[in-house]
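The values are calculated or read from the model by the stated rules, or taken from the named source; none is laboratory data. If you're wondering where the values come from, they're calculated on a predicted model, not measured in any experiment. Every residue, glycine as well, gets a Cβ built from its backbone with ideal geometry; the counts of neighbours run over all protein chains shown. Heads up: the accessible areas ignore ligands, DNA and RNA and are worked out on the full protein's heavy atoms, side chains in. Shrake-Rupley method; radii C 1.70, N 1.55, O 1.52, S 1.80 Å.
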Amino acid sequence: MGNEANKSAELDLQAIIKKAESQTNFPDVPLDEFPIPTYEEWKQACIELLKGAPFEKKMFTKTYEGITFEPMYFHDATEPIQPKQSYPGAGDFLRGATANGYVNAPWGIAQACDETFPDENNELLKHEIEKGSTIYNVKLDCATKKAKDARDCKKPGCGGVSLTTLGDVETLLSGLKLDEYPLYVYAGESSAPILALIIAAAQKNGYDVSKLRGFVGANPIAELAANGKLNQPLEKLYDEMAAAAKWAVKNAPELKTVFVNSDVFSNGGANDVQELAYSLSAAVTYLRAMLERGLTIDEAAEQIQFGVSVGANFFMQIAKLRAIRPIWAEVVKAFGGSEKVQHIHLTARPASFFKTVYDPYVNLLRGTTQLFSAVVGGLESYENAPFDEPIRKGDEFSRRIARNMQIILQEEFGLMQPIDPAGGSWAVETLTKQIKEKIWAEFQLVEGKGGIVAALREGYPQDEIAKILDARFKAIASRRDRIVGNNMYPNMLEERLDPRPEDFAENKKARTAAIEEFLKGVNAKDALAKVDAKNFATVIDAAAAGATVAEIRAALGTGESETVKTIEAHRWSEKFEALRETTEKFKADRGDNVKIFLANMGPIPQHKARADFTTGFLQVGAFEVLGNNGFKSVDDAAAAAKESGADAVVICSTDDTYPEIVPALAPKLHEVLPNATVYLAGTAPAELVETYKNAGIDDYINIRSNCYQTLTAMQKKKGMIA
């Protein structure tokens, strides 16, 4: 946005539309040689291939959004919803914010830079631009986002760069081409302290601040939801938001000061409907706050940048990114905003919720599909997180891979050419319509409660997200949802990545020395005394005088805000990771493990399928699985089981042979291993359940088993957990 070539293309929009409307007569292509099956014929063919499995259960996929993916989408059913009169860059912006997509202005590559020290992060920012990034994306550490002095925090550098003084920010920005590349900074609950330091540093170093682009944005509602409370009551933070916005409108019109990022909802486990509905409600709350404080709707709408998390369901991500554009356009239009400001400013990143610690290189594959769906869905910029994000800060390798994914899509895959590539797709258009309607309904429900803040006070979003999180964890526990390398297909030879823990004590020592050196001779008391939360120029003056980020925060005001129930951050694999870590720690401390003996009965073809399934099932917990090539008799199997000293035994064979094997083998296993649990691989027909139970079968391992509960029970019996 703001690109001259892009603006020129917008001026030609009407000509493009007229040309498209004149080219509607396409030649008929005869397809007589291909018979067109009816839906019933197609369905019958599917039923035959399913070999008795229910069509409705196997061919329809329910999602956490309450939308059901159909097995096939048809022209007749989707013809009424085709966007025939909708064009990219026009109308409700369903098909894209610009007329030419990425042709003249590719999406921005916003690789995050999070080194602890300002000088190191400055070098990283320059390096990223040199290697292909097109945005300076600065990640602040937790203390800086809370406007705390690094000298007073326990973990300087946790999560990003530590900035306390004007000198820190000068170092961070030194040599950056801020007139050429946008700057992205998420500032936490208020943008005022860090934005003032950035402006003061830029002015001191001769930058033309009117040319600043990107955002230094706040999202106090997200911080309230994540932390349960704020440093200031929301109304005072809205004052700061409006003051910063007014200054930006007048002095840096292409710099935004509000960043409505959806991470707090996504990381809590929210579905896509909840994530966007609650984010939209937050954005509307900010619009109202800024309007009440003197901004026009056009000014307020242009101050808002949206950040969306891209999840694991490929087609749903495309649909939700297409859906949010017309919803936001309708919202801004309802406030009286001009067509110019009705298009959404949208950046995205992969949802941290779907990243894993074990088998982390699979995150590369997850990240690739997330990036691809985001680009197809349409956005202005994308931050592709390194694959090792849940373990440590990225390094040269992981950042390079993340960055190059985007460059490959632009340079080699040609994704800058198609405009709204999903437009007209029967499936995607249907999903877009469905999720748009659900987002709008949930948004209206929250607005009916008085908006997102009132809903958070009530606990409504927290409870609704918790329901989805619980449903996700249940599906993961039973492996209906599969996480490669975690609850499915674990890599037993995996060597864990070095977490490279930071020495926060050393960080604090170094940061303290740098801060105190800068503050020698600095006296910002007079400037701080004049700080007015409703006059952002006074905040810049205090920053220019040398006030620290914490001093600026104190001058603006601090105080306990209301408290709400938090939305805690999670990852989908966390329970299985904790389970496996428990086993690994027990092995390291005790030199022991849960041992499971496979009583494989008969020749290899007879037991292999269930033995392989059982092995994979048990290795999820990093247990020791004792396999073999099978036993000819129950006595041989019982003798081998006794010698193994196993904690559990799983009988593996076929349904046809179980009626003979189980009554003979199970009692012998309990006799030779009195403390062992005896499992049967597979299921028992109803008429044999009691027989198998009486014989000594304690439980079953099959595709319907709750893997997490089964493995946790084994750990508990072994003494790994209380």
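Go over the candidates ILE401, ILE407, ILE419 one by one and state the one that is at pLDDT below 95, among the β-branched types (Val, Ile, Thr) and surrounded by fewer than 20 Cβ atoms within 10 Å (Cβ to Cβ).
Working: ILE401 fails: at pLDDT below 95; ILE407 fails: at pLDDT below 95.
The match here is ILE419.
Can PRO360 be described as out of contact with any Phe, Trp or Tyr (no Cβ under 6 Å at 6 or more places or on another chain) and either open to solvent by less than 20 Å² (accessible area, probe 1.4 Å) or in contact (Cβ under 8 Å) with a residue 40 or more places away in the chain (or both)?
It is false that PRO360 is out of contact with any Phe, Trp or Tyr (no Cβ under 6 Å at 6 or more places or on another chain) and either open to solvent by less than 20 Å² (accessible area, probe 1.4 Å) or in contact (Cβ under 8 Å) with a residue 40 or more places away in the chain (or both).
Go through (1) over 26 Å from TYR278 (Cβ atoms); (2) open to solvent by less than 10 Å² (accessible area, probe 1.4 Å); (3) of a type in the set (Val, Ile, Thr) and name the single condition VAL209 misses.
Among (1) over 26 Å from TYR278 (Cβ atoms); (2) open to solvent by less than 10 Å² (accessible area, probe 1.4 Å); (3) of a type in the set (Val, Ile, Thr), VAL209 violates only (2).
Does region 321-343 contain any residue that is under 19 Å from GLN406 (Cα atoms), assigned to a helix (DSSP H, G or I) and either in contact (Cβ under 8 Å) with a residue 12 or more places away in the chain or open to solvent by less than 20 Å² (accessible area, probe 1.4 Å) (or both)?
For region 321-343, residues under 19 Å from GLN406 (Cα atoms), assigned to a helix (DSSP H, G or I) and either in contact (Cβ under 8 Å) with a residue 12 or more places away in the chain or open to solvent by less than 20 Å² (accessible area, probe 1.4 Å) (or both): present.
When the residues of region 169-197 are filtered to those that are open to solvent by 10 Å² or more (accessible area, probe 1.4 Å) and assigned to a helix (DSSP H, G or I), which remaining residue is nearest to GLU115 (Cα to Cα)?
Among those residues, the one meeting the criterion is THR171.
Is it true that some residue in region 273-284 is surrounded by fewer than 23 Cβ atoms within 10 Å (Cβ to Cβ) and over 29 Å from ASP179 (Cα atoms)?
Within region 273-284 (the criterion being surrounded by fewer than 23 Cβ atoms within 10 Å (Cβ to Cβ) and over 29 Å from ASP179 (Cα atoms)), the answer is yes, since at least one residue qualifies.
Looking at (1) open to solvent by less than 50 Å² (accessible area, probe 1.4 Å); (2) assigned to a loop (DSSP other than H, G, I, E, B), which is the one condition that is false for LEU598?
(2)
Filter region 475-494 for residues that are touching a helix residue (DSSP H, G or I) at 6+ places or on another chain (Cβ under 9 Å), farther than 14 Å from GLN619 by Cα and either free of Cβ contacts under 8 Å to residues at least 60 places away in the same chain or not in a loop (DSSP other than H, G, I, E, B) (or both) and give the result.
ILE476, ALA477, ARG480, ARG482
Can you name every residue in region 450-470 that is within 19 Å of THR712 (Cβ to Cβ) and in contact (Cβ under 8 Å) with a residue 12 or more places away in the chain?
LEU469
Is it true that MET416 is under 29 Å from ILE81 (Cβ atoms) and not hydroxyl-bearing (Ser, Thr, Tyr)?
yes
Looking at ASN251, is it open to solvent by 20 Å² or more (accessible area, probe 1.4 Å), over 18 Å from GLU330 (Cα atoms), among the polar types (S, T, N, Q) and over 19 Å from the mean Cα position of the chain (by Cα)? Lay out the reasoning, then the answer.
Working: open to solvent by 20 Å² or more (accessible area, probe 1.4 Å): yes; over 18 Å from GLU330 (Cα atoms): yes; among the polar types (S, T, N, Q): yes; over 19 Å from the mean Cα position of the chain (by Cα): yes.
It is true that ASN251 is open to solvent by 20 Å² or more (accessible area, probe 1.4 Å), over 18 Å from GLU330 (Cα atoms), among the polar types (S, T, N, Q) and over 19 Å from the mean Cα position of the chain (by Cα).
Out of region 662-707, which residues are over 16 Å from ASP647 (Cα atoms), free of Cβ contacts under 8 Å to residues at least 60 places away in the same chain, in contact with a strand residue (DSSP E or B) (Cβ under 7 Å, 6 or more places away or on another chain) and part of a helix (DSSP H, G or I)?
VAL662, TYR692
Could you tell me whether GLY621 is under 30 Å from SER573 (Cβ atoms), small (Gly, Ala, Ser) and in contact (Cβ under 8 Å) with a residue 24 or more places away in the chain?
yes
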